[in-house]
Structure formats: C-alpha cells, structure tokens
Amino acid sequence: MSEYRFHLQKYRYGSKISCPNCCKSRCFVRYVDEEGTIQFPDTVGKCDHENSCGYHYTPRKYFRDNPDVLSQPDGGRADRRILSRAAGRETPHPVPSFISADVVGRSLSHYEINPLYRYLCQTFGEEETLRLFRLYSIGTSPKWGGAIIFWQTDRSGQVRTGKIMLYDSATGHRIKEPRAYVSWVHSELHLPDFRLRQCLFGEHLLNRATSAPVMLV
C-alpha cells in the first residue's frame with residue numbers, strides 16, 4: 001500500500017491519458033484515492049512533460065478549489081494531514097516561453113496561398129476575410145504549401161505558440177487524409193527548452209471589448 005492515501009496512479013497499459021494543458025496524448029498520470037472513496041476528475045494529475053508543459057494539479061489544489069468534497073464525518077482532518085506532508089513537493093507552473101513578434105509578423109501575409117483564406121474569400125468576400133484575419137492575427141506557414149497558423153496570443157499580447165493546420169480551399173474543411181496535417185510553430189522552429197503553456201485562441205481580444213459575448217468551441 002502507498003504511504004499516502006492520495007498518490008499518482010501506478011502505470012499500467014492504457015492508464016495514461018491526454019494532458020488537459022498541453023493536449024499531448026498518453027502523457028498524463030491521474031491521482032487516485034487509495035481508499036477508493038474520492039473519484040478525482042481527469043484534470044487532477046501530472047503531465048510527464050515537466051519542461052515543455054509542467055502541468056501538475058494536485059489533490060491539495062483540488063480540495064482547495066472544491067472544499068465541499070472534504071465534508072466527511074471526520075471533517076477531512078486525515079486528508080489535510082496527508083496533503084500537508086506532500087505540499088512541499090508540488091510543482092509550480094513554469095514561466096511560459098513566447099514566440100517572437102518578428103516571427104509572428106512575417107506570417108501575417110501571403111494569404112493568396114492560404115487555402116482557408118481563399119475559401120473564406122469565396123464565402124464572405126476578400127474585404128471581410130482580411131479584416132477577420134487581421135483581427136485574430138491569423139498567419140500563413142510555408143509548411144504544406146501555405147497552411148494556416150492560429151496564433152495563441154494571451155491577454156498581455158504575448159504569443160504562446162501557433163497551431164499549424166492544413167485546409168481544403170474548395171470545401172473549407174481540414175485535410176485529414178491520408179493523415180491529419182497538424183503541427184506547432186514552436187516544434188517547427190526547434191526552440192530549445194521551450195516551455196509551452198497554451199492560452200485560448202483569440203484571448204487577446206478580451207481586452208478590447210469586455211462586454212462582448214465569448215464563445216468557446
């Protein structure tokens with residue numbers, strides 16, 4: 001039996017899942033309750049990629065955010081005692097790395113080879129499509145002949161990374177055959193010791209209109 005009631009799940013085939021922070025598959029280890037009383041959600045655990053992601057949401061943090069879970073007959077005293085012993089081992093989120101403004105700026109052009117841009121021009125017209133691309137700072141990558149770059153710009157204007165995806169200019173759909181054409185700018189640039197902490201695409205627009213509706217897709 002483990003020394004602690006709450007501990008990272010012992011590895012077995014298929015036990016690791018996708019990380020809720022960096023979204024990489026089979027790298028996230030969940031916390032379990034040795035007594036089998038508390039069932040943690042899939043966000044409570046630790047990512048294997050400590051340098052590039054660093055996500056570590058411990059039971060202590062989960063109970064802090066959900067105090068009602070500890071409404072047990074003993075007042076959760078045993079839980080707090082166990083958690084306090086593990087407090088010093090918590091891994092804080094690393095300071096994120098950023099993509100330089102020069103790299104982002106160079107991508108905000110060559111829309112004539114961007115398949116999704118060409119498709120949207122047929123749907124909304126070139127003027128409106130260009131306005132939206134500039135509003136969201138959408139770029140064009142030389143990869144795969146002009147794939148789109150969805151830059152993840154946070155509320156402070158810093159670019160966390162960019163997701164590169166290839167679309168069909170005739171249908172506006174992602175190209176998934178013979179494989180999914182998806183990559184990341186920080187991976188393509190081979191940046192050393194890059195610390196990825198994603199933010200929502202379009203997050204930088206929250207500072208412009210605080211009363212505007214926000215849709216998460």
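Checked against the criterion of being part of a strand (DSSP E or B) and of a type outside the set (S, T, N, Q), the candidates Lys163, Lys176 yield just one match: Lys163. The residue list Thr171, Thr123, Thr129 contains one member that is polar (S, T, N, Q), buried (at least 18 other Cβ atoms within 10 Å of the Cβ) and more than 30 Å from Pro59 (Cβ to Cβ), which is Thr129. Of all the listed residues (Arg155, Arg179, Arg160), the sole one being modelled with pLDDT of 90 or more, on the phi < 0 side of the Ramachandran plot and surrounded by fewer than 17 Cβ atoms within 10 Å (Cβ to Cβ) is Arg155. Within region 15-46, the set of residues being loosely packed, with under 13 Cβ neighbours inside 10 Å and among the small types (Gly, Ala, Ser) comprises Ser25, Gly36. A single entry from Arg174, Arg155, Arg197, Arg160 fulfils the requirement of being in contact (Cβ under 8 Å) with a residue 40 or more places away in the chain and in contact with a Phe, Trp or Tyr (Cβ under 8 Å, 6 or more places away or on another chain): Arg160. No other residue among Ala212, Ala170 is assigned to a loop (DSSP other than H, G, I, E, B), among the small types (Gly, Ala, Ser) and not assigned by TED's automatic domain parsing to the domain that holds Ser107 apart from Ala212. Residue pairs whose Cβ atoms lie under 8 Å apart, separated by 6 or more positions or on different chains, with the first residue in region 1-21 and farther than 25 Å from Leu196 by Cα and part of a strand (DSSP E or B) and the second of a type in the set (Phe, Trp, Tyr) and at pLDDT 85 or above, are Phe6/Tyr31; His7/Tyr31.
The values are calculated or read from the model by the stated rules, or taken from the named source; none is laboratory data. If you're wondering where the values come from, they're calculated on a predicted model, not measured in any experiment. Backbone-built Cβ (ideal geometry, glycine too); neighbour counts: all protein chains shown.
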